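*Asks:* Sharing a structure with you now.
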Amino acid sequence: MGCTITEKILGKHVSKGEVKSGKHILASVDFMVANDITAPITIDILEDIPNAKIKGLDRIALVPDHFTPNKDIKSAENVKKLRKFARDYGIKYFFETGRAGVEHCLLPEKGLVLPGDLVIGADSHTCTYGALGCVSTGVGSTDLAGALLSGKIWIKVPETIKLEYTGKLKKWTYGKDLILMTLKDLGDKVSIYRSLEFTGETISDLNMSQRFTMCNMAVEAGAKNGIISPDEITEEYIKDRAKRPYNFYYSDSDAEFVETRRYDVSELEPQVALPFSPSNVKNISDLGEIKIDQVFIGSCTNGWYEDLKIAAEVIKGKKVADHVRLIVIPPTPEIYLKALRNGILEVFAKAEAVIGPPTCGPCLGGHLGVLGAGERAISTSNRNFVGRMGHYKSEVYLANPAVAAASAVVGRIAHPKEVN
Amino acid sequence: MEMIIKGKSWKFGDNIDTDVIIPARYLNLTEPSELVKYLFEPLRENFASMVKTGDLLIAGENFGCGSSREHAPIAIKASGISCVIAKSFARIFYRNSFNIGLPLIICPDIVEEIEEGDEIEVDLKRGEIFNQTKEKEYSFPPFEKLMMNLIEHNGLIPYLLSGKFSI
Ligand code: SF4
């Protein structure tokens, strides 16, 4: 019996023992990441250990992105802790504000996470990098401390659910709509502890940003990782960025999948997740009138350059509705600069949007656009739990960048064709 | 870590996510004694002040879904809660809890039948739960070797440092 891509990659990272789904393995780690929320706990753990010997100092990135530029004194103290730790231990990849961005956009962009890698990160959306054809999963701060001490991580080898998509996507539907539709179909339970492998002709046609969007939300299904086999599009994205050699792996034709689901997506319309779960998804045409107060375009899900471009095309020459705030946040300095150069930020500014610096910001109700009681937002991000973007009595709807932009103009959740 | 746990039960529903366990705006805190003040704030303010050491959390499906924040199990453990019993757990929350020595038990039957306030006793080694209030016994599958070792060593780091770590 053959192996899935996930089993194969994990197999390359163990020195002994069988890599079979359901078994615990001890695997060596290629790259790690932690942020201004999770790294302080890791650092406290390590600093409590007398003479701790830390490994892999050139295999970890510390990215202050959640509450930065520091939103208050406590956040500033946390980033100080990261900065000092990076300096004391000679950590190669510490990203200072100005060079930092949302970690899951920054690391692929910098060529630090690569096809064939085993990547762990103290952030649940570490699964984003699976779009490059690596096994990448979110862990906790203690896991990261353990991996820094031992170079390894314990993992239960996951079973894989194969998801196969056919059909050409209609205008105004993207990877975001594919993943929202899939979350609705899978529900919250089927994928727990499992791997999701996205396959099929529709996936082969997606550019890297849309592939990142899909793998980013694998965790919303409860999955351990999401993964897409690498191809020429992957190669094109990574070849000039990669900081290390990399390898492409594929599932064997006789690999064992715990389940296969097939979707014909040629008639799919834009999807919207309603409060308070990313799997509470409806077709946009079934929504009715939903007035909004705020729109957020950004995050590691849909803040990619191509996403900003899609939103700008929808909004060009129009203004944000009177009662609406549109917040646009390019997630990394590179995306910011490219959007600036190509006139995309100007389109948003002319539409009377506010443009924030690279940060997670409002995505987690952190800063730069927190919601008050009773307020409603539509966001291109990945979560809409109770209180995710602010007050417990606020509501978040999730959608693709075109829907978010159209909604900002119309003042209620709107199909992009209404304004184009 | 004690292998016999006794305490009162506190009951929660399905899909309790980490934003509810500890809202993101408190994540600039790292001290357990600080975090614990905001435990379950969106659902039950001042929850930790009502908990007695040894008490247990009971929850439905997918407890701990959402972010990887270890602040969630840290705050639960700091409140004195000794163990969580649920129908199912989210993956990262599951490993984070064992990694800090907080045992989690999957036992749908007791979750269905228990009422908040019931006194229960758990034998972690034997895989038995006794609802003293309702005088009813339940069993759960024994922990896998790695998970038991993590509980016995009170978490991953002490286990790694003991030099005995094995899979
Ligand atoms: S953008 Fe949102 S989902 Fe992504 S890492 Fe930041 S807080 Fe998490």
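The values are calculated or read from the model by the stated rules, or taken from the named source; none is laboratory data. Note that this is a predicted model, so its numbers are computed, not measured. Quick reminder, even Gly has a Cβ in these numbers, built from the backbone with ideal geometry, and neighbours come from all protein chains shown. Each accessible area value is taken on the protein alone, full model and side chains, heavy atoms only, with ligands, DNA and RNA left out. Shrake-Rupley method; radii C 1.70, N 1.55, O 1.52, S 1.80 Å.
*Asks:* Output the residues belonging to segment A:387-420 that are among the polar types (S, T, N, Q) and touching an Asp or Glu at 6+ places or on another chain (Cβ under 9 Å).
*Replies:* If the condition is that a residue be among the polar types (S, T, N, Q) and touching an Asp or Glu at 6+ places or on another chain (Cβ under 9 Å), then A:S394, A:N400, A:N420 are the ones that fit.
*Asks:* Also: Identify, from the list A:A373, A:A353, the residue that is among the small types (G, A, S), away from the ligand (no atom under 16 Å from the Cβ) and surrounded by fewer than 20 Cβ atoms within 10 Å (Cβ to Cβ).
*Replies:* Answer to the selection: A:A373.
*Asks:* Further, regarding this structure: Condition check: within 16 Å of the ligand (Cβ to nearest atom), at pLDDT 95 or above and either among the aromatic types (F, W, Y) or at negative phi (or both). Does A:L118 satisfy that?
*Replies:* Spelling it out, it is not the case that A:L118 is within 16 Å of the ligand (Cβ to nearest atom), at pLDDT 95 or above and either among the aromatic types (F, W, Y) or at negative phi (or both).
*Asks:* Kindly establish whether A:G101 is at the interface with chain B (Cβ under 9 Å from one of its Cβ atoms) and within 14 Å of the ligand (Cβ to nearest atom). Show your work before the answer.
*Replies:* Values: at the interface with chain B (Cβ under 9 Å from one of its Cβ atoms): no; within 14 Å of the ligand (Cβ to nearest atom): yes.
No, not satisfied.
*Asks:* Return the pairs, sorted by first residue and then second, in which the second residue is aliphatic (A, V, I, L, M) and surrounded by 14 or more Cβ atoms within 10 Å (Cβ to Cβ), the first residue lies in segment B:33-55 and is free of Cβ contacts under 8 Å to residues at least 40 places away in the same chain and over 24 Å from B:K6 (Cβ atoms), the beta carbons are less than 7 Å apart, and the residues are 6+ apart or on different chains.
*Replies:* The qualifying pairs are B:K37/B:A48; B:Y38/B:I22; B:P42/A:V386; B:P42/B:V20; B:L43/B:V20.
*Asks:* When A:D48 is evaluated against the numbered criteria (1) more than 14 Å from every other protein chain (Cβ to nearest Cβ); (2) over 22 Å from the mean Cα position of the chain (by Cα); (3) open to solvent by 40 Å² or more (accessible area, probe 1.4 Å), which criterion, by number, is the only one it fails?
*Replies:* (1)
*Asks:* Looking only at segment A:24-35, which residues are at the interface with chain B (Cβ under 8 Å from one of its Cβ atoms) and within 16 Å of the ligand (Cβ to nearest atom)?
*Replies:* Those that are at the interface with chain B (Cβ under 8 Å from one of its Cβ atoms) and within 16 Å of the ligand (Cβ to nearest atom): none in segment A:24-35.
*Asks:* While we're looking at this one, here's another question. Can A:G298 be described as crowded, with 24+ Cβ neighbours inside 10 Å, modelled with pLDDT of 95 or more and within 16 Å of the ligand (Cβ to nearest atom)?
*Replies:* Considered against the rule, which asks whether it is crowded, with 24+ Cβ neighbours inside 10 Å, modelled with pLDDT of 95 or more and within 16 Å of the ligand (Cβ to nearest atom), A:G298 comes out as yes.
*Asks:* If the requirement is being within 12 Å of the ligand (Cβ to nearest atom), under 17 Å from A:K71 (Cβ atoms), assigned by TED's automatic domain parsing to the domain that holds A:L326 and open to solvent by 10 Å² or more (accessible area, probe 1.4 Å), which of these qualifies: A:P362, A:P358? Spell out the reasoning first.
*Replies:* Details: A:P362 fails: open to solvent by 10 Å² or more (accessible area, probe 1.4 Å).
After applying the criteria, what remains is A:P358.
*Asks:* I need a count of the residues in segment A:210-232 that are surrounded by fewer than 17 Cβ atoms within 10 Å (Cβ to Cβ) and in a helix (DSSP H, G or I).
*Replies:* Result for segment A:210-232: 1.
*Asks:* Of these, A:F385, A:F348, which one is crowded, with 18+ Cβ neighbours inside 10 Å and more than 16 Å from the ligand (Cβ to nearest atom)?
*Replies:* Just one listed residue meets the conditions, A:F348.
*Asks:* Those residues that are in a helix (DSSP H, G or I) and either among the polar types (S, T, N, Q) or closer than 14 Å to B:I106 by Cβ (or both), I need them from segment B:136-167; list them, please.
*Replies:* B:M147, B:N149
*Asks:* Open to solvent by 60 Å² or more (accessible area, probe 1.4 Å), within 28 Å of A:A221 (Cα to Cα), aliphatic (A, V, I, L, M) and at pLDDT below 95, is that true of B:L43?
*Replies:* Judged against the criteria, B:L43 is a match.
*Asks:* Which residues, counting only those in segment A:277-295, are in contact (Cβ under 8 Å) with a residue 40 or more places away in the chain and either within 16 Å of the ligand (Cβ to nearest atom) or polar (S, T, N, Q) (or both)?
*Replies:* A:S277, A:P278, A:S279, A:N280, A:S285, A:Q294, A:V295
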